[in-house]
1. Would you mind giving the mean number of other chain beta-carbons within 10 Å of the Cβ of each residue in A:206-212, as a whole number?
2. First check a/c for chain A, with a ≥ b ≥ c the square roots of the eigenvalues of its C-alpha gyration tensor; if it is under 1.5, answer rounded, and if not, answer prolate when a/b is larger than b/c or oblate otherwise.
3. Once ligands and nucleic acids are excluded and a 1.4 Å probe is used, how much of residue C:229 is accessible, expressed in Å² to the nearest 10?
4. Counting protein heavy atoms only and a 1.4 angstrom probe, how many square angstrom of accessible surface do chains A and B bury in total, to the nearest 100?
5. How large, in percent, is the carbon and sulfur part of the accessible surface of chain C at a probe radius of 1.4 Å?
6. What does the average come to when, for each residue of peptide B:148-154, you count the partner chain Cβ atoms lying within 10 Å of its Cβ?
7. List the residues of the stretch B:157-174 for which accessible area in the full set of protein chains is at least 30 Å² lower than for the chain on its own; 1.4 Å probe, protein heavy atoms only.
8. So, for the stretch A:155-234, what is the accessible surface per residue at a probe of 1.4 Å, expressed in square angstrom?
Amino acid sequence: MDHVFGPAMGRRAAIAGATALGAFAGTAEAAGRVRYVTANNNPYDILDPHQVFDIGRIAIRLNMYDALVRWVDNPPKLEMWLAEKVDISTDGKTYTFTLRPNLKFHDGSPLTADDVVYSMERILGLKKGAYGLFSDVVKPGTTKALDPMHVQFTLNKPFAVFMAVLSELWVVNSKVVKSHVKENDWGSEWMTRNVAGSGGYKLRRFDPAIGFQCERNEAHFMPFGPGAIDEADFRVSMETATRVLGMIKGEFTTTDGYMPAEQVERMKASGNVWFKEAESIRTFYFIINSAKAPLNDVNMRRALSCMFDYDGFNNNILGGTVVRNPGIIPNPMWGAPADLKGYTYDIDKAKWYLSQVKEKIRPLQIAAMSGYPQSEQAAQMLQAGAAKAGLEIKVVAEPFTTLVPKFDDPDRAHDLIPLWRSAYFADPHNWTGFIFHSRNFKAGNSSFYKNARVDELTDQALVITDREKRRPLYEEVSRILVEDAAGIFINNTKFYGPYSKQVKSVRFCPIGDTQDLRWIQMNT
Amino acid sequence: MRLLALALRRCLWMPPTLLGLALIVFSISHVIPADPARVLAGENAPMEQVEAIRHKFGLDKPLPEQFVRYVGDVVRGNMGISLYTQRPVADDLVERLPATFELALYAIALAVLVGLPLGVVSALRRNSWLDQIVRLVTIGGLAMAAFWLAILLQLLFSMHLNLTPVQGRIDGWGPDPITGFYTLDALIRGDFETFFAALRYLALPMLTLAIPAMATIVRFTRAGVLNVMQSQFVFYQAAMGLPRRVVIWKYILRAALIGTLTQIGLVFGNLLAGAVVVETVFSWPGLGTYAYQSILQSDYNAIMGFTLFTGSVFIGVNLLVDVAQSVLDPRGR
Amino acid sequence: MLGRLARDRALLAGLAIVTLLVLAAIFATPLSNFPGDVTGFNPAQRLKPPGEVYWLGTDRMGADLFSRLLFGARLTILISVSATAVAVLVGVPMGLVAGYYDRWFSDALMRISDVFLAVPQIVLAIAIAQTLGPAIHNVILALSATYWPFWARIVYAETRSLRNEVFIEAAVAMGASPLRVMVLHVLPSIASSIIVRTTIGMGGTILAAASLGFLGLGAPPPTPEWGRMIAESREFLPQAWWYATAPGIAILLVVMGFNLLGDGLRDTLDPRIRRGS
């Protein structure tokens, strides 16, 4: 009987296993199998890899789907995955990939270049999820399957991060998806609740209110190491206290790695949990709406940057679970200048900057994300600092859903918003060009920040493929953003992944943390 | 005949009431400053992606047209697609219904089974210490914030005593649905392990919902019994020499039962209201969490679907209560 | 009648609690140990258990919970009084007019209130509060928009039953205008029901407002709203048990106070509906 699941569940899973695993002679016995249970604080409501593009549901994509390339390790490295080799034309516009031989989907049918083409067309057609990553450079109909083993992308302009974002081109089984298409929906209704992928794990059960369960796909091209997980449960559990208690009692193998310091201590004290610590690439900062007076005045923004008690927030409130990050690019990421000097908490300096502001100073407003305690606490922290410098700030809390639409309109947008910038792909562009280039107003640049030099540098950096040539460009951008106080840059998140003692080792990568099951080794 | 007419009239009022409800909720949800298409597309999505979604869900049409189309669809049984779960709202509701009903039925059963006798005893022993305690607890039960009660119960039973789970409906996957009620399905299959597991999960949310319901029932039962006891009629029966036991069982309890029954409608309404908050605290995968999530996501169709559904259930229950009351108490009100 | 009032212990208890609440709200500043802690805070002192310095402990920002509770009392009064007042001001005239006349609009008004009563109040309130955005005045609006039908129904029913009373008919026969009859004759006769309903309604609005605050739809941080304080505490359970306990007890006491007061007033003012005792 299995103790991870609890007695009742072990029995039922054995029944399910007996039917589902009928093909594997003699392995239907649930007992010796390596089980893994994750408690997640986000619902897994949509399984379709092309409809969503977020960190909360990344386990679905990482484990049940494959892409041409994949991010591993920290700092993240891009590895060839479904593809064996890539040829990039000298003008940086044509990418030709050679697939690995004998790739198979979960249903046993071969994965070919046609499926890659269909997946790209599906993303462009659905206009959801990661669509924004590709829409600028890939047009429908331009992706070609040269033969079953070769696929060719033709970009309409050079795009240095194309390889980096291809990690979000999840390849779906085109024949299966096509058979479920209803009125040009690209099979999206069916794909919401089913999986047509090739990944290292196959879907066994799914219930949006509970989570999903998957089992190892023995036929996967990448062999599994010793102690690999046989079956895994990804459960939804919204309450922090439940997840912590579940870890302590051993009901969960792991849960999220961004808990409050007090809860980390509690789990450590139980003796049943060990932690994987890693500096992630997820910066926390205040968006400043620089389109609105007086925030269009650089001295106003600098004054604000001196009003935040960085040390009190990072070390007292968050108990040192984060690292001070003076710029927008996370410290461990290349392109972040090692010697960057940020602002410090200095009320006198803030007052001096305030005295230099030419625009008329008015009371400001912070919109904290309701339901995210750190965002609310940061808002209160800045409010208190500003009060000391004689500046009035009002705090409102809004759910993310009502914040987002206001990102489009500088007049409706709030003055200040404390939030995270996570890694979707590990390239400095994710933190610079994407969110500070003036071309991206209404599509990523929510601070309405405009600086001709930043635009120029980030454009330049996108057409060069050599990282060493791009590095100084991003370093300069990073310095300009601090000089200009384009945001109040606070910290970079540390990952404290709790694991039960059954887990021997994990491999952390900031994109998806440790949710890529195949790298986890269990004690057997 | 009068009964039939009453039922008929109430049934006839249902569609216009629901239509009015749809109109109110539609107006509320469509002035939401949030742009659901924008939310769905994601933070960094380009405008054309947002437009595509808006068009797909008909959000680019004028509001009156959207409303008329919606009502027409609902009449045909189509409540639209949830923006967030991407599935038909009707399917979502049906899927989450058993969880909420199982919880609500257990809570009502507990409330009645405990509340009714307590109310009767409390009335029969008026002003005794028992009566005083019951009254105090009742007043407290009605004044307690459900979410706070939930947290207290979690603190005590889950975190300190380690007796019940903090939240959720079952450890992992529920039994394959027959009725969708986990406890019932487990019993049908003879799987007692699952049955008791499900009960442990039910315990705290059920208690949280049952306590205010119980308080209401105690109050009304007590008042009802006292009323009957003081009536001339009972006085007369007692004077006629009928034993006290017979008077209590035959007359007083009957009156109390009717009094309680009229409260079931009210209690049920409070339960549904409480479910939104209580299910959220306990992550109970029912209609309440669904409603709360959809409101936060500005998921128009889901909000409308939930509201109309709750409205119909609510009106239906009240109708049943009225009919039952007329049958039990032919004197009318 | 005053004697009766004094004899009713429940009513006295209710009165005492409500008076305490009002006093706490008025004298929040001199009563609190750390009046500055409502907006300012002290990260080094966060999550301290109750003790000599912090009587009820501190919260996640290191602010004194006792001080925050006192200032929260102001908010509680503000929300419940304004929301109830608006609901009364809308509901009572509607019920009065609908009950006094027997025209098409009487039916229409009552059917409209049916629509509002067809779903649990909190569901509508959540939807409205979410639509308008989290702020105190929006909570007030959401609550009054959903609670007015209760007053409309009660006033309607009472007015209906009074319409054929001799004194009303006499007033009409004397040539009094409908407005005069409604305001000078009907209203005073039903005032006691309205007062009782309003007192109990205050308790209801406090609970509902706290629920909205708990769900993150109420006042934004750092407002010391009781429901929000409980929501904030969840992340730190079970260690910081005091964090949820203090505001929870405050809500319980205050709502109980209004309910006791309402019950007591009903017994005293409204002899028709009397509790058994």
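1. 5
2. On the way: a/c = 2.11, a/b = 1.37, b/c = 1.55.
It comes out oblate by the Cα gyration axes.
3. 0
4. On the way: alone 21250 and 18620 Å², together 35610 Å².
That pair of chains buries around 4300 Å² in total.
5. On the way: 7500 of 10710 Å².
Result for chain C: 70 percent of the exposed heavy-atom area is carbon or sulfur.
6. Mean partner-chain Cβ count within 10 Å for B:148-154: 6.
7. Going by heavy-atom accessible area, the residues of the stretch B:157-174 that drop by at least 30 Å² are B:159, B:162, B:166, B:167, B:171, B:172, B:173.
8. Values: 2710 Å² over 80 residues.
Per-residue value: 34 Å².
The values are calculated or read from the model by the stated rules, or taken from the named source; none is laboratory data. Predicted, not measured: the structure shown is a model, and the values here were computed from it. Cβ sites come from the backbone with ideal geometry, for glycine too, and all protein chains shown count toward neighbours. Heavy atoms of the whole protein, side chains included, go into the accessibility calculation; ligands, DNA and RNA do not. Shrake-Rupley method; radii C 1.70, N 1.55, O 1.52, S 1.80 Å.
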